[in-house]
1. Just flag the GluC sites (Glu not before Pro) in the range 8-72 sitting in loop per DSSP whose Cβ has no more than 15 other Cβ atoms within 10 Å.
2. Can you spot the lysines whose alpha carbon is less than 16 Å from LYS9's alpha carbon? Ignore those fewer than 8 places along the same chain.
3. Rg/Rh for the chain to two decimals, with Rh computed the Kirkwood way over all alpha-carbon pairs.
4. Please give, to one decimal in nm, the separation of the simple spin-label points placed at VAL94 and GLN7, each 7 Å out from Cα toward the Cβ.
5. Starting from the Cα of LYS35, step 7 Å along the direction of its Cβ; do the same at SER74; then give the gap between the two resulting points in nm.
6. Any idea what the dipole of the chain comes to, in debye rounded to 20, about its Cα centre with Lys/Arg Cβ at +1 and Asp/Glu Cβ at -1?
7. With θ set to phi - 60°, apply the Karplus curve 6.51 cos²θ - 1.76 cosθ + 1.60 along the range 49-56 and write out the HN-Hα couplings as whole Hz, x wherever there is a Gly or Pro.
8. Within 10 Å of each candidate Cβ there may be at most 10 other Cβ atoms; applying that plus a DSSP loop requirement, which chymotrypsin sites (Phe, Trp or Tyr not before Pro) in the chain survive?
Amino acid sequence: MDLTSDQLKDYDGSDESKPIYISIRGVVFDVSTGKSFYGPGGTYAIFAGREASRALAKMSKNEEDVSGNLDGLSVKEMGVLEDWEKKFQAKYPVVGRLIVS
Ligand code: HEM
């Protein structure tokens, strides 16, 4: 399944009948089993329905970092992002790709 960032937003956990998705480097994961983290009121709800690469790389929950923009990230931050990708690959099913439009 290909999703635009607008379509990805539909899967932010606000509609209980829908799964929760998060994109990392354009790969969209179904993180519904992590609802306690990403669902409404969850500690990491800010990432739900969004491309979270930059925030994950920087270990940031700042609104301005929740994007797929990797510009200016350090080697260390890119390593952190890779670790997150590995964690998500091991834990959550991939459901599609984010279309960058
Ligand atoms: C003092 C700061 C923090 C503490 C003590 C903390 C602690 C934790 C703990 C205990 C978990 C649960 C791990 C598990 O059960 O698998 C977790 C998960 C997570 N943390 Fe943090 N965290 C902190 C800061 C952050 C920040 C700043 C970010 C921003 C990227 C972040 C991103 C995440 C994510 C995305 C998960 C969920 C991973 C998953 O889906 O399994 N954390 N954190």
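Derivation of every value follows stated rules applied to the coordinates shown; laboratory data play no part. Predicted model only: the values in this text are computed from it and were never measured. We place every Cβ from the backbone using ideal geometry, glycine too, and count neighbours over all the protein chains shown.
1. Taking the range 8-72 and a limit of 15 other Cβ atoms within 10 Å, the loop GluC sites (Glu not before Pro) found are GLU16.
2. Partners within reach: LYS18, LYS35.
3. 0.94
4. 1.7 nm
5. Placing both labels 7 Å beyond Cα along the Cβ direction yields 3.9 nm.
6. 320 debye
7. Coupling constants for the range 49-56: x, 9, 8, 10, 3, 4, 4, 5 Hz.
8. none
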